[in-house]
Structures are given as C-alpha cells and as structure tokens.
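One structure is given below, encoded as structure tokens.
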Amino acid sequence: MCIRDSHYAIHLWDYRNHEQALDSAARLGQTAPGIAHMWHMPGHIYSKAKRYHDAVWQQQASARTDHAHMQKWFLLPDQIHNYAHNNEWLSRNFSNLGRIRASIDMAKSLLANPRHPKLNNPGRGSARYGRKALINYLEKGELWQEALETANSPWLEKLSKPADDLSRLRLIGVAQTNLGQQVNLRKTIDAIASHLTKVKADQEQAKQKAREKAEKEKKKDKEIKAAEKKAHDQFQGEIKKFENAVTELRGYLAGMNGDFKTSIEALSKRPSQQTPMLRQLAYGDHEKAAETARKQIEKKNKEAIPLAQAIHTLYHAKKDDPAWKTGFEELRSFSATVDIESPVFARLAPIAKELGYPDDWRVAHKAADDLLPRPELSEFGPLHWTPPAAPGFSLPDQHNKSLSLADYRGKPVILVFYLGAGCLHCTEQLTAMADRYADFEKAGLPILAISTDNVANLKDSQDNYTKGDIPFPIVSDAAKDVFKQYTAHDDFEDLPLHGTFVLDGKGRMLWSDISADPFMEIDFLIKESKRLLSLHK
C-alpha cells in the first residue's frame, strides 16, 4: 500500500471503524519518515483502539520529526500545522499510561515554546494547549503542593482577563482543599465570587444600554426585549463558568467543615471535575463510592489514573467486591511505564502487597505482532523543542572593523537583518529600536544590525537616524551569505528578507521572525526575549 492509500485509509476510518486502518497505521510513517504528519496520523488509530503505548510512540516520532525540521530551518513551533495538536494529544496519552511526569513535562514544553503575536499566546496555539494540559495533569496526578507552586509561577502566568484566568484560580482552590488550607480556600472563593459579581454588573449595564438604544430608536416592545436578551445572553457563558467554580469550591469548603450533606448537594449541582469517587470515599458514602468505582473499572478504557483511583476507592469502600482485584490485573496489563512513586499509584502499594505482587508491580510492555520494525526514537530528533545553534559569522562595520557573533558569547543578543538604508520600512524598524535602546539595555539585550549594504554605504543608515548616532553597531553582509545562513532569504526570487532573531549567551536561537516586513512590536520583543531567556537557561 502506498503512502497516499495508507494516509487516505486512516482519515477514512478514523471516526468510523478504526480497526479497518490498523494495517495502514503500522505502515504510514515508514513510507515517508521525514514528514511528521505521517507519524502523527497512526496515533489517531492507536488512540481509538486504546493502544496507548503505540499511540505515544507515533506521537513522539511526530514531535521529534517536527523538532528536527524546526532546528534545521529555524522555524518557530507554531509555524507547523498540527504541531500543537500532536503534542497536546501526546501529553494526554502519556497520562493514559500513567506517565504523569511526562504529561507535565510535555505541557511545560508547549508553554516554553517561543511565542509570536501571529501564532500563539496563552489563549491560542501551543501556549493555550500547554496551559490547559498543565492544569489538567497537576490535578489528575494529585500533585497538590506542586500545583500551588506552579499556579503562582511564570509557568501559569496570571492572565489579564478573569474569565481566561479562571482555570488557574480553580486549580489553586482545589489544591488548597486537598492540602486542608481552609483560610486560603475562602480567599480564593471570594476572589472568584468578586469576578462573578463584576460580570453580572457588566451584564446589567449592557442590558440597560441595549434597552436605551432600542428605545431611542423607537423600537417596538418585542424588539426592545430582544435587544435586552441579546445583551444578556452574551455574558451567560462566562457567568456560568464562574458560578460553577464557586459552587464547586464552596462544596469542598462545606466538606472540610464536616457538612457532607451540604457539600454533596452543592457538588450534585456542579459535578466536581475531580474524580467523584475519591470525594465520596472521603465523605464516608461508601456505597456510592463503590458504585462509582465499579463503573469505572467496568469501562475497561485502559486509562491508568482513573483505574488506579477506582481500585483504591473500591478496596477501601467495599473490600468484599472482587472487582478491585480485576481492576488491578487490568492495570498491570498496561502498567510498564506507570509513575509508580506518584501519589495516585503509590497508595496502591499495600493493595499490591496483599495480592502478592512485587513492590514494583508493573509488567513489561510486549509489542503487538501487527507492527513493522520501528527506528529508535532518538534517531528522529529531540522530544521537546530545543533552540538550534545560530550560525557563526564575522562581518565588517562601517569602519571596516570586524564584528563576530563570538564577540557576544556569554550574553544574549538581538540580530536585526535589514535591507539597507534605501528600505524605508527598515529605517522605521531601526529608528524604533534605537529610540527604545535604553529599554533593551535595561533588559540586558544588546542589538546587532546586519545590512545588505556594502561597508561604504553603511553610513547612510546612520544618517537616516536624525537623533544622533544609532546606539548599536551595524555590519555589512553585502554578499548576503549570512542572510542565507539564517534563512532570511527568498532563494526562489533571490531576494533578502527581513529577519529578527533572539540569541542567548550560548549562541542558541530562541526566537525568530522572518518576513517580507520588519518586526515592529518592540514591547512584545523585549518581553518575549526575557521570558525565553528565563526558561531556556
């Protein structure tokens, strides 16, 4: 079967009958090993088949292929379609296998990726996927102290819009609940409730404005009410999210005070995002806890974390129910890479001992017999995005004095590739950066501009700046050799391109923008450079 047929078969059967595409899933990557998507698509089929070991292998191969491609061509991660989707799904499948730390590491990897105004931010692209995954797996892994620390760290930055920041606040509240921090939990609830009050006030104000506008336009009563409803409804989704979070956290607070009835009533209105069986067990409702746990075991969905929680719950809630033993046998069948020392799985140790299992009760994974020979994953590239090494160079300035990249070793530098003094857009960029040079200096970010002008004409760029001398050096790359090395060049048209690059003190390229237009968002450039330098030390 050729690459086209295998690829088509996977897309055809993905949402219909995935078993029909297992043969194609085994073959597709090997037919085009340099294309990340060909490794990714089999992950769809293996995920549907609940063959998470195979899905993880495929998605790792895809991620590594993408990362190798990025390093070669100096691409930002989110410039590649489906990249963030693949790696978020990889984080999910790590979780399905009980690889909690790998899930969190992949989430952080997505957050640590370089950002670009047109590509990704905490509400878009890999940063959005990473934020959601990190919050999710800190909670699923029951890593409460780590969750609190992370929620108050640069990994989970406080977002300016309260609705966008709600998931972080909720994580804080859930962690405080499980750490018994009642006073702090009350503060978190109050913070979320204050946001809810503000949104409701905004809703009423919007309704009033809509009514006044409709009345001024002499609309009919029916039209006035419709305008009010439209203004009201645009806030409802946001209000519901805040109400759900407040209800859930207040339910936990009631439970912390021993008022289990009120807690259960609250949580029945807003089902907890935490596994409910653990809360039922903690509240002493063993019958309900056993019922919930048994249903989870009967699903046979081969997801390690909920299965481990169900085993623990049923063992303590109704030990005479043999389903917890069946569940443990199932867990062991795909347990090869479980994080056995993490809280979710560590508490199974006495149960494993009672069943006669060894201290390390995991069982080695046996590869399926329908797979083709696979390369070593390390051959593809790095698992996480890794800054590529920037090409070295030595170029003359306007005084014919040589400046090299090696001169900046040990400190970061921003490289600006521009199309000579005759380019008005380039002059605007250099002027903007010169005007803000004090801010670059304060951030520890020297600038080196690289021009297509020859040495004699470099002075024209200085002359274009009307406020004195440009405060950073300018060098000549008239032959465009360095432009080409940095891929700031259109080889088809044989024309140079605008390029802005952020390099760290090790000579690694942390960020880039290559375009027909110069990068002009100075505030973003400084902020993102500082963020990346702090994360990639």
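For the pair His536 and Arg101, what calculated FRET efficiency results from E = 1/(1 + (r/R0)^6), where r is the Cβ-Cβ distance and R0 = 25 Å, to the nearest 0.05?
FRET efficiency, Arg101 to His536: 0.80.
Considering only DSSP beta bridges with both partners in the chain, what is the antiparallel share in %, to the nearest 5?
Bridges in the chain that DSSP calls antiparallel: roughly 70 percent.
Could you list Thr452, Thr313, Thr431 so that the one with the fewest beta carbons within 10 Å of its beta carbon is first and the one with the most is last?
Fewest-to-most Cβ neighbours within 10 Å comes out as Thr431, Thr452, Thr313.
Mind checking which aspartates and glutamates have their C-alpha under 19 Å from Lys220, skipping anything on the same chain fewer than 8 residues away?
Excluding near neighbours in sequence, the set is Glu212, Glu228.
Need the full-extension length gain, Asp221 to Ile522, defined as separation in residues times 0.36 nm minus the C-alpha distance. One decimal, nm.
103.3 nm
Ignoring everything except DSSP H segments at least 4 long, calculate the 222 nm mean residue ellipticity for the chain; use -39,500 (n - 2.57) per segment, divide by total residues, nearest 500.
Per the formula, -18000 deg cm²/dmol.
Given the peptides 132-139, 93-100, arrange them by the average over their residues of other C-beta atoms within 10 Å, most packed first.
In descending order of packing, they fall as 93-100, 132-139.
What order, most packed first, do the peptides 221-227, 145-151 have when packing is the mean number of other Cβ atoms within 10 Å of each residue?
Ranking, from highest mean packing down: 145-151, 221-227.
Name the long-range amide H neighbours of Asp490: under 5 Å, sequence gap of 5 or more, or other chain; modelled H, no Pro or chain starts.
Counting only residues 5 or more places away or on other chains, the set is Leu495, Leu497.
Of the listed peptides 374-383, 468-477, what is their order by residue-averaged count of other C-beta atoms within 10 Å, with the highest listed first?
468-477, 374-383
Taking H placed 1.01 Å from N in the peptide plane, check which residues at least 5 places from Leu97 or on another chain put their amide H under 5 Å from its amide H.
Under 5 Å from the amide H of Leu97: Ala304.
Quick one: net charge around Ala443, please, counting Lys, Arg +1 and Asp, Glu -1 for every other residue with C-beta under 14 Å from its C-beta.
Here the count lands on +1.
Tell me the label-point distance for the pair Phe235, Ala432, using the 7 Å Cα-to-Cβ offset, in nm and rounded to one decimal.
It works out to 3.7 nm between the two label points.
Report, in listed order, any pair from Lys213/Lys241; Lys161/Lys198; Lys411/Lys527; Lys302/Lys366; Lys132/Lys300; Lys50/Lys300 with a Cα-Cα distance greater than 19 Å.
Lys213/Lys241; Lys132/Lys300
State the label only: which of [x] 0.96; [y] 1.05; [z] 1.02 corresponds to Rg/Rh (Cα atoms, Kirkwood Rh) computed from the shown model?
Entry [y].
Can you compute the charge dipole magnitude of the chain about its Cα centre, using +1 on each Lys and Arg Cβ and -1 on each Asp and Glu Cβ, nothing else charged? Give it in debye, rounded to the nearest 20.
About 2020 debye.
So, counting K/R as plus one and D/E as minus one, what does the shell of residues with Cβ under 14 Å around Ile305 add up to?
That works out to +2.
Taking 0.36 nm per intervening residue step and subtracting the Cα-Cα distance, what contour gain separates Met256 from Arg374 on full extension?
Fully extending the segment from Met256 to Arg374 adds 37.3 nm.
Which of the pairs Lys200/Lys225; Lys108/Lys506; Lys48/Lys319 have their Cα atoms more than 30 Å apart in this structure?
Lys48/Lys319
Roughly speaking, what is the stretch gain from Arg409 to Asp202, that is 0.36 nm per residue apart minus the C-alpha to C-alpha distance, in nm to one decimal?
Net length gain for the segment: 69.3 nm.
Would you work out which of Ala478, Gly392, Ala21 lies farthest towards the positive end of the dipole of the chain? Charges go on Cβ: Lys and Arg +1, Asp and Glu -1.
Ala21
Between Leu403 and residues 5 or more places away or on another chain, which pairs have amide H atoms under 5 Å apart, with H built 1.01 Å from N, and which residues are they?
Leu395, Asp397
Run the reach check for Lys261 against aspartates and glutamates, Cα to Cα strictly under 13 Å, same-chain hits fewer than 8 apart removed. What comes back?
Hits, sequence-local ones excluded: Asp285.
Using only the alpha-carbon atoms, how far is helix 221-233 inclined from the longest principal axis of the chain? Give it as 0 to 90 degrees, nearest 10.
Taking Cα atoms only, the helix is inclined about 90 degrees.
Placing unit charges on C-beta atoms (Lys and Arg positive, Asp and Glu negative, everything else neutral), compute the dipole magnitude of segment 258-360 about its Cα centre in debye, rounded to 20.
Taking the Cα centre of segment 258-360 as origin, the dipole is about 340 debye.
Add +1 for every Lys or Arg and -1 for every Asp or Glu among the other residues with Cβ under 11 Å from the Cβ of Leu497, and state the total.
Neighbourhood net charge equals -3.
Read-outs throughout are calculated quantities, based only on the coordinates presented, and are distinct from any laboratory measurement. As the structure is a prediction and not an experimental result, all values here were calculated from the model. Cβ sites come from the backbone with ideal geometry, for glycine too, and all protein chains shown count toward neighbours.
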